[in-house]
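The values are calculated or read from the model by the stated rules, or taken from the named source; none is laboratory data. Worth saying up front: this structure is predicted, and the values here are computed from it rather than measured. Note that we place each Cβ from the backbone using ideal geometry, even for glycine, and neighbour counts take in every protein chain shown. Heads up: the accessible areas ignore ligands, DNA and RNA and are worked out on the full protein's heavy atoms, side chains in. Shrake-Rupley method; radii C 1.70, N 1.55, O 1.52, S 1.80 Å.
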Amino acid sequence: MNEPTIQFRQFSDRNDEMKAILTLVYDALKEKGYNPINQIVGYILSEDPTYITTHNNARNIICKVDRDELLRAMVRGYLSE
């Protein structure tokens, strides 16, 4: 039996990836003179990518994050679950 091994991504690995993406986006927004928190919140609420600058490819990168998964991780982190 030579069936491929299924690998599951650890939840913490995905959180680390989302944090890295948000950090990159935050830094790109800050470099361009935007208020990063307001812009990221606007994007999360609307899913309108124009809230995110194209600087450093931030707009394309943020689209790799599922907003629902991001919100769950943020609430979990806020509540220290």
So in the stretch 39-81, with the set limited to residues that are among the basic types (Lys, Arg) and more than 14 Å from residue 24 (Cβ to Cβ), which one is nearest to the chain's Cα centre (by Cα)?
67
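Right, residue 34: modelled with pLDDT of 95 or more and part of a loop (DSSP other than H, G, I, E, B) or not?
Numbers: modelled with pLDDT of 95 or more: yes; part of a loop (DSSP other than H, G, I, E, B): yes.
Answer is yes for this residue.
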Could you please find all residues in the stretch 62-76 being assigned to a loop (DSSP other than H, G, I, E, B) and either loosely packed, with under 15 Cβ neighbours inside 10 Å or acidic (Asp, Glu) (or both)?
63, 64, 66
Quick one: what pairs do we get from the stretch 41-61, first residue at negative phi and open to solvent by less than 50 Å² (accessible area, probe 1.4 Å), second assigned to a helix (DSSP H, G or I) and of a type in the set (S, T, N, Q), C-beta under 7 Å, 6+ apart or different chains?
52/39
